[in-house]
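Colleague: Encoded as structure tokens, here's the structure I'll be asking about.
The values are calculated or read from the model by the stated rules, or taken from the named source; none is laboratory data. Treat the numbers as computed from the prediction; the structure is a model and nothing was measured. Using ideal geometry, Cβ is built from the backbone for each residue, glycine included, and neighbour counts are taken over all protein chains shown.
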Amino acid sequence: MTGNHGSEPKKVIIGIDGVPVDLIRDLADRGRMPNVESLLSEGEMSAMRAAIPEISNVNWSSIVTGKNPGEHGIFGFTDLIKGTYTINFPDRRALKASPFWEDEERRYVILNVPAMYPAPEINGIFVSGFVSPQLGKAVSPDSTLNVLEKMDYQVDVDSEKAHKSKRLFLDQLFETLEKREKAYKHFWEEKWDVFMLVFTGSDRLEHFLFDAYIDEEHEYHERFVEYFEEVDRIIGDIVDRLGEDDELVMLSDHGMELIKENVNLNKVLEDEGILKTGNKPSERYRNIREGTKAFVLDPGRVYLNKKDKYPRGKVGKDEEEVFLDEIMDVFEELVCDGEKVIEEVHRKDEIYFGEEVERAPDLVLTPASGYNLKGSMRYEDVFEQNVFKGKHTLNDAFLYSKNSDLPEEPKVEDVRNLIDD
């Protein structure tokens, strides 16, 4: 192992955001990820279950804390400011459980973990992943900023490019990966005990071009696979730097599959008379009107419009169970072309536990295969198509360990134990 690392065994965690276990096995089997193929012969890989909902900030929060959302308090990319219908975007400061890097007995390099902005002060180096509005606040210590600016470091690809040109989007995806590699190589030379690096371009690539992976005749199929070949090359470089006793853990935070239909859940509620809206959809949730029983936040989080919680709350304490039953029936009966849209409707106390459960959505919907659930307040129809081709999945993230035994049916909360061991 190169760099100033001492003689004690070290721990390296590699995250590849949004990659389903079948995809990584497929590319390894086809010889397109030869370094991963070699690792699979030396260690153990398993499918892993994501936290609900199966989105990045919820799951990376569970991965680094070892806690479920009812304990760490992150339930989605958006929340409503208490007592209002105004959206806010919880960041690392909303996390209610301690991530592994708060153990000051070890020294860390943490690069590009999503939803961890602004960067905390740690014993080591921290560079936040998406969403990071200002690079200056995404780094710790401050001296790290100068290093990253010199290499023109990029936190994330500009996804807007994919709406205009897939070619330009792909070009920037590879460019961002190149900067990530430069950063990892630079900070590898620091003194550390635990090194964590997350690739997030994989998630972006799959969202916009999962059809290119499925269809080998697709214009961008080879370019799609080439991205994973580059990730594999970097993984191989990392493995070459490891000592014999050093531990390697690789994982994704959720899986991915092809989208059949996007599903506007608030349109479903409005059609059923459960959600009442005004004529200003641009106001988003502030457009909710008197008489509303419930509304949905992305991706499938259902909140009762409670009297004691929201300005135009309708639902009293004694009515909650009746309305929950009504809403569950609506979503359980939702079909598209005769096919069931919702796989499962979860009550919050069935899937969450801990001190933050009171803040959790009242219901969380898990979609049937191919259905992409949306909580938008701007919609025309229940079902629609857009530029996105891939959607997150719950049961097919992956977890790999070279030296440690994996749990029989791993879930994202189990990763922390592999890091701490």
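Colleague: Of (1) touching a Lys or Arg at 6+ places or on another chain (Cβ under 6 Å); (2) at pLDDT 95 or above; (3) surrounded by fewer than 23 Cβ atoms within 10 Å (Cβ to Cβ), ASN4 satisfies all except one. Which?
Modeller: Condition not satisfied by ASN4: (2).
Colleague: Counting just the residues of segment 83-95 that are more than 18 Å from the chain's Cα centre (by Cα) and not small (Gly, Ala, Ser), which one comes out nearest to LEU418 (Cα to Cα)? Walk me through how you get there before you give the answer.
Modeller: Of the residues in segment 83-95, the ones more than 18 Å from the chain's Cα centre (by Cα) are 83-87.
In the following step, the residues that additionally are not small (Gly, Ala, Ser) were identified as 84-87.
On the way: THR84: 40, TYR85: 40, THR86: 39, ILE87: 36 Å.
It comes out as ILE87.
Colleague: Ok, one more. Exactly one condition in (1) surrounded by 18 or more Cβ atoms within 10 Å (Cβ to Cβ); (2) part of a helix (DSSP H, G or I) is false for GLN154; which is it?
Modeller: Of (1) surrounded by 18 or more Cβ atoms within 10 Å (Cβ to Cβ); (2) part of a helix (DSSP H, G or I), only one is false for GLN154: (2).
Colleague: Cβ-Cβ under 6 Å, sequence separation 6+ or interchain: first residue in segment 57-82 and in the same structural domain as VAL19 (by TED's automatic domain parsing) and under 19 Å from LEU399 (Cβ atoms), partner among the aliphatic types (A, V, I, L, M) and in a strand (DSSP E or B). Which pairs?
Modeller: The qualifying pairs are TRP60/VAL113.
Colleague: Could you go through segment 301-320 and let me know if any residue there is more than 27 Å from THR86 (Cβ to Cβ) and either under 30 Å from the mean Cα position of the chain (by Cα) or outside the structural domain of LYS82 (by TED's automatic domain parsing) (or both).
Modeller: Of the residues in segment 301-320, the ones more than 27 Å from THR86 (Cβ to Cβ) are 318.
Filter again for either under 30 Å from the mean Cα position of the chain (by Cα) or outside the structural domain of LYS82 (by TED's automatic domain parsing) (or both), leaving 318.
The answer is yes, given that some residue of segment 301-320 is more than 27 Å from THR86 (Cβ to Cβ) and either under 30 Å from the mean Cα position of the chain (by Cα) or outside the structural domain of LYS82 (by TED's automatic domain parsing) (or both).
Colleague: Is there a residue in segment 313-322 that is touching a residue at least 24 places away in the same chain (Cβ under 8 Å), small (Gly, Ala, Ser) and either over 20 Å from GLU270 (Cβ atoms) or part of a strand (DSSP E or B) (or both)? Before the answer, list the steps.
Modeller: Narrowing segment 313-322 to residues touching a residue at least 24 places away in the same chain (Cβ under 8 Å): 314, 320.
Narrowing the set further to residues that are small (Gly, Ala, Ser) leaves none.
There is no residue in segment 313-322 that is touching a residue at least 24 places away in the same chain (Cβ under 8 Å), small (Gly, Ala, Ser) and either over 20 Å from GLU270 (Cβ atoms) or part of a strand (DSSP E or B) (or both).
Colleague: Next question. Which of the residues belonging to segment 350-396 are assigned to a helix (DSSP H, G or I) and either in the same structural domain as TYR220 (by TED's automatic domain parsing) or touching a residue at least 60 places away in the same chain (Cβ under 8 Å) (or both)?
Modeller: Of all residues in segment 350-396, those assigned to a helix (DSSP H, G or I) come to 350-351, 357-359.
Passing the criteria: ILE351, VAL357, ARG359.
Colleague: Yes or no: LEU399 aliphatic (A, V, I, L, M), modelled with pLDDT of 95 or more, in the same structural domain as PHE75 (by TED's automatic domain parsing) and part of a strand (DSSP E or B)? Step through it out loud before you land on a result.
Modeller: On the way: aliphatic (A, V, I, L, M): yes; modelled with pLDDT of 95 or more: yes; in the same structural domain as PHE75 (by TED's automatic domain parsing): yes; part of a strand (DSSP E or B): yes.
In short, yes.
Colleague: Can you confirm whether segment 16-25 contains a residue that is buried (at least 21 other Cβ atoms within 10 Å of the Cβ), among the basic types (Lys, Arg) and within 30 Å of PRO367 (Cα to Cα)?
Modeller: Checking segment 16-25: not a single residue is buried (at least 21 other Cβ atoms within 10 Å of the Cβ), among the basic types (Lys, Arg) and within 30 Å of PRO367 (Cα to Cα).
Colleague: If you check VAL249, VAL268, VAL263, which single one turns out to be part of a strand (DSSP E or B), of a type in the set (A, V, I, L, M), buried (at least 20 other Cβ atoms within 10 Å of the Cβ) and out of contact with any Ser or Thr (no Cβ under 9 Å at 6 or more places or on another chain)? Outline the logic, then answer.
Modeller: Working: VAL249 fails: out of contact with any Ser or Thr (no Cβ under 9 Å at 6 or more places or on another chain); VAL268 fails: part of a strand (DSSP E or B).
The match here is VAL263.
Colleague: Okay, moving on. Within segment 393-402, can one find any residue that is over 30 Å from LEU40 (Cα atoms) and of a type in the set (S, T, N, Q)? Give the derivation first.
Modeller: Initial filter on segment 393-402 (over 30 Å from LEU40 (Cα atoms)): none.
The answer is no; no qualifying residue exists.
Colleague: A follow-up question, please. For residues that are outside any helix (DSSP H, G or I) and either surrounded by fewer than 21 Cβ atoms within 10 Å (Cβ to Cβ) or free of Cβ contacts under 8 Å to residues at least 12 places away in the same chain (or both), tally how many sit in segment 278-301.
Modeller: Quick first cut of segment 278-301, residues outside any helix (DSSP H, G or I) only: 278-280, 288-301.
Retained after the next criterion (residues that are either surrounded by fewer than 21 Cβ atoms within 10 Å (Cβ to Cβ) or free of Cβ contacts under 8 Å to residues at least 12 places away in the same chain (or both)): 278-280, 289-291, 298.
So the count comes out to 7.
Colleague: Taking only pairs six or more apart or across chains, which ones have beta-carbon atoms under 7 Å, a first residue in segment 202-220 that is more than 14 Å from LEU27 (Cβ to Cβ) and free of Cβ contacts under 8 Å to residues at least 24 places away in the same chain, and a second residue that is of a type in the set (D, E, K, R) and part of a helix (DSSP H, G or I)?
Modeller: Close Cβ pairs (under 7 Å, with a partner that is of a type in the set (D, E, K, R) and part of a helix (DSSP H, G or I)) amount to HIS218/ASP211.
Colleague: Another question, if that's okay. Hey, does segment 16-32 have a residue that's in the same structural domain as GLU247 (by TED's automatic domain parsing), assigned to a loop (DSSP other than H, G, I, E, B) and among the basic types (Lys, Arg)? Write out each step before concluding.
Modeller: Taking segment 16-32 as the starting set, the residues that turn out to be in the same structural domain as GLU247 (by TED's automatic domain parsing) are 16-32.
Restricting the remaining residues to those that are assigned to a loop (DSSP other than H, G, I, E, B) gives 17-20, 30-32.
The next check asks that each one be among the basic types (Lys, Arg); those that pass are 30, 32.
Looking for residues that are in the same structural domain as GLU247 (by TED's automatic domain parsing), assigned to a loop (DSSP other than H, G, I, E, B) and among the basic types (Lys, Arg), one finds at least one in segment 16-32, hence yes.
Colleague: Condition first: in contact with a strand residue (DSSP E or B) (Cβ under 9 Å, 6 or more places away or on another chain), over 22 Å from LYS137 (Cα atoms) and surrounded by fewer than 17 Cβ atoms within 10 Å (Cβ to Cβ). Now tell me which residues in segment 60-86 satisfy that.
Modeller: ILE81, THR86
Colleague: Is it the case that segment 361-371 has a residue that's of a type in the set (A, V, I, L, M), in contact with a Pro (Cβ under 7 Å, 6 or more places away or on another chain) and within 22 Å of ASN68 (Cα to Cα)?
Modeller: Kept after step one, since they are of a type in the set (A, V, I, L, M), are these residues of segment 361-371: 363-365, 368.
Those still in the list that are in contact with a Pro (Cβ under 7 Å, 6 or more places away or on another chain) too: 364.
Among the residues that remain, those that are also within 22 Å of ASN68 (Cα to Cα) are: 364.
Yes; the residues of segment 361-371 include at least one that is of a type in the set (A, V, I, L, M), in contact with a Pro (Cβ under 7 Å, 6 or more places away or on another chain) and within 22 Å of ASN68 (Cα to Cα).
Colleague: Inside segment 370-403, can you point out the residues that are closer than 19 Å to SER252 by Cα and either loosely packed, with under 15 Cβ neighbours inside 10 Å or of a type in the set (Val, Ile, Thr) (or both)?
Modeller: Answer for segment 370-403, where residues must be closer than 19 Å to SER252 by Cα and either loosely packed, with under 15 Cβ neighbours inside 10 Å or of a type in the set (Val, Ile, Thr) (or both): just THR393.
Colleague: I've got another one for you. Could you pull out the residue among VAL315, VAL341, VAL364 that is buried (at least 17 other Cβ atoms within 10 Å of the Cβ), under 29 Å from VAL21 (Cβ atoms), aliphatic (A, V, I, L, M) and touching a Leu at 6+ places or on another chain (Cβ under 7 Å)? Working first, answer last.
Modeller: Working: VAL315 fails: under 29 Å from VAL21 (Cβ atoms); VAL364 fails: touching a Leu at 6+ places or on another chain (Cβ under 7 Å).
One residue alone meets the criteria, VAL341.
Colleague: Of GLU42, GLU54, which residue is out of contact with any helix residue (DSSP H, G or I) (no Cβ under 6 Å at 6 or more places or on another chain), of a type in the set (D, E, K, R), surrounded by fewer than 23 Cβ atoms within 10 Å (Cβ to Cβ) and on the phi < 0 side of the Ramachandran plot?
Modeller: Values: GLU54 fails: surrounded by fewer than 23 Cβ atoms within 10 Å (Cβ to Cβ).
After applying the criteria, what remains is GLU42.
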